[in-house]
Amino acid sequence: MPSKVHGHETRYHKMQKNHCFVCGQNNPEGMKLKFLLDEERQTFVCHFRLGKRYTGPPGHCHGGIIACILDDAMGKVNKLHHVVALTREMTVEYLKPVPLHKPLRVEGREIEKQGRTHINTAEILNEKGEVLARSRGVFIAIDPEAMFAKYVER
């Protein structure tokens, strides 16, 4: 059973508020996606539907929104190592159009970790389990106390 892990929290750092566009519950204009950890598979999962606000091609999601969702899913994976890591680079494969108003799932998992470098992947799937888009990202662990000192609760 997936366990609840919210926003950008790790075991050691808790942000005062989460205004992330994708997962931030404190962002009134954000997507408010909720990711859960599937502990057995060491994968972060989110089930969601996209409304017309995210339209790109008629009836389908804008590619930039797809990239945002994939980036956030990959970023969640860094919590497995209790670090805050920022995206250094990412690639996206748009395999099939991502429909609006249909049940979707995004999953993020680790590929490898070398020092401060974390390499992760994510996929958006439809209700049939078909992969609609996938990404690969390189993340660099940072010291949140130094970089975001005024935002970290003590």
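Numbers at a glance
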quantity: Among the residues listed as P97, P103, the single one being touching a Pro at 6+ places or on another chain (Cβ under 8 Å) and modelled with pLDDT of 95 or more; calculated: P97
quantity: Where a residue in the stretch 66-83 is over 18 Å from G30 (Cα atoms) and its partner, wherever it lies, is part of a loop (DSSP other than H, G, I, E, B), with Cβ under 7 Å and at least six apart; calculated: K79/V5; K79/T10; L80/Q42; H82/T10; H82/R11; H82/Y12; V83/T10
quantity: Matching residues, the stretch 98-113, being free of Cβ contacts under 8 Å to residues at least 60 places away in the same chain and more than 13 Å from N78 (Cβ to Cβ); calculated: V98, P99, L100, H101, K102, P103, L104
quantity: Residue under evaluation A146, criteria (1) at pLDDT below 95; (2) closer than 24 Å to D38 by Cα, criterion not met; calculated: (2)
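Residues checked against (1) under 17 Å from V22 (Cβ atoms); (2) part of a strand (DSSP E or B); (3) in contact with a Ser or Thr (Cβ under 7 Å, 6 or more places away or on another chain):
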position: K34; (1), (2), (3): yes, no, no
position: L50; (1), (2), (3): yes, no, no
position: I65; (1), (2), (3): yes, no, no
position: D71; (1), (2), (3): yes, no, yes
position: V77; (1), (2), (3): yes, no, no
position: K102; (1), (2), (3): no, no, no
position: V106; (1), (2), (3): yes, yes, no
position: I111; (1), (2), (3): no, yes, yes
position: I124; (1), (2), (3): yes, yes, no
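The values are calculated or read from the model by the stated rules, or taken from the named source; none is laboratory data. Please read these numbers as outputs of a predicted model, since none were measured by experiment. Don't worry about glycine lacking a Cβ; one is built from the backbone with ideal geometry, like all the others, and counts go over all protein chains shown.
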